[in-house]
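Undergrad: Structure below; questions to follow.
The values are calculated or read from the model by the stated rules, or taken from the named source; none is laboratory data. The structure presented is a predicted model; accordingly, all values stated were derived computationally and were not measured. Reconstructed Cβ throughout: ideal geometry from the backbone, glycine too, with neighbour counts over all protein chains shown.
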Amino acid sequence: MSTLQAADRENMANLAALLRVLLSSFAVMLVGFGAPAWAEEAPAPVERTIKSLANKDTRIGVFINLLPDCTSGPLPTIRLVNAPASGKVTVKSARVKATNYKACLALEVPAYVAFYRSQPDFIGDDVLTIEVKYAGGRTEIQKITVNVAGPGAQQKI
């Protein structure tokens, strides 16, 4: 075997090794950057507890979209992900008035207000989950536990 043939074989071996490194790097890039958008983790739910009386409307959320110039942006979309087992949730349109909120000295903006009402004979904990999607793409999951008490469970004075 001539020196030229030995050099060619060595160059071919080096080229093959380089191609293996490049292909494995490309495969790693495909796995790392090619993940579909649905594979992203959902935001951690916000957990809240609210007290309520049986068969009474109880406000469980007020949803607004306040812009930095103290005006209202588009209202969020609200979806009931998991319905309560022993009650119902309703959402109503409203106007919210506030003073001295953040940099806004006085404002009046549209809002959605969510209410929970238990069945007349239910006493105990009821759990529901809502999803709030804002126009900018932010999504918030809220897991709400409603503690429903009977009429004699109020605080004594």
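Undergrad: Report those strands (runs of 3 or more DSSP E) wholly inside the range 49-157 carrying at least 3 residues which are in contact with a Lys or Arg (Cβ under 9 Å, 6 or more places away or on another chain), of a type in the set (S, T, N, Q) and surrounded by 12 or more Cβ atoms within 10 Å (Cβ to Cβ). Please lay out each step first, then the result.
TA: Working: elements: 58-63, 77-82, 87-101, 104-118, 124-133, 139-149.
Of the strands (runs of 3 or more DSSP E) lying wholly inside the range 49-157, those with at least 3 residues that are in contact with a Lys or Arg (Cβ under 9 Å, 6 or more places away or on another chain), of a type in the set (S, T, N, Q) and surrounded by 12 or more Cβ atoms within 10 Å (Cβ to Cβ) span 139-149.
Undergrad: Does A35 satisfy the condition of being at pLDDT below 90 and not in a helix (DSSP H, G or I)?
TA: On the way: at pLDDT below 90: yes; not in a helix (DSSP H, G or I): yes.
Here the answer is yes, as A35 does meet what is asked.
Undergrad: Same structure, new question: Hey, does the range 59-74 have a residue that's in contact with an Asp or Glu (Cβ under 6 Å, 6 or more places away or on another chain) and free of Cβ contacts under 8 Å to residues at least 12 places away in the same chain? So that I can check it myself, show each step before the final result.
TA: Residues of the range 59-74 that are in contact with an Asp or Glu (Cβ under 6 Å, 6 or more places away or on another chain), as a first pass: none.
Checked the range 59-74: no residue is in contact with an Asp or Glu (Cβ under 6 Å, 6 or more places away or on another chain) and free of Cβ contacts under 8 Å to residues at least 12 places away in the same chain.
Undergrad: Next up: Which of the residues spanning the range 117-131 are closer than 15 Å to R48 by Cα and touching a Ser or Thr at 6+ places or on another chain (Cβ under 7 Å)? Before you say what the answer is, go through the steps one by one.
TA: Restricting attention to the range 117-131, the residues satisfying the condition of being closer than 15 Å to R48 by Cα are 125-131.
Result: D125, D126, V127, E131.
Undergrad: Show the residue pairs meeting these rules: Cβ distance below 9 Å; 6+ apart or different chains; first residue within the range 138-152 and among the acidic types (D, E); second residue part of a loop (DSSP other than H, G, I, E, B).
TA: E140/P43; E140/P45; E140/P76; E140/Y134
Undergrad: Return yes or no: is G124 of a type in the set (G, A, S), within 23 Å of the chain's Cα centre (by Cα) and modelled with pLDDT of 90 or more? Break it down stepwise before answering.
TA: Numbers: of a type in the set (G, A, S): yes; within 23 Å of the chain's Cα centre (by Cα): no; modelled with pLDDT of 90 or more: yes.
Taking the combined requirement at face value, the residue does not satisfy it.
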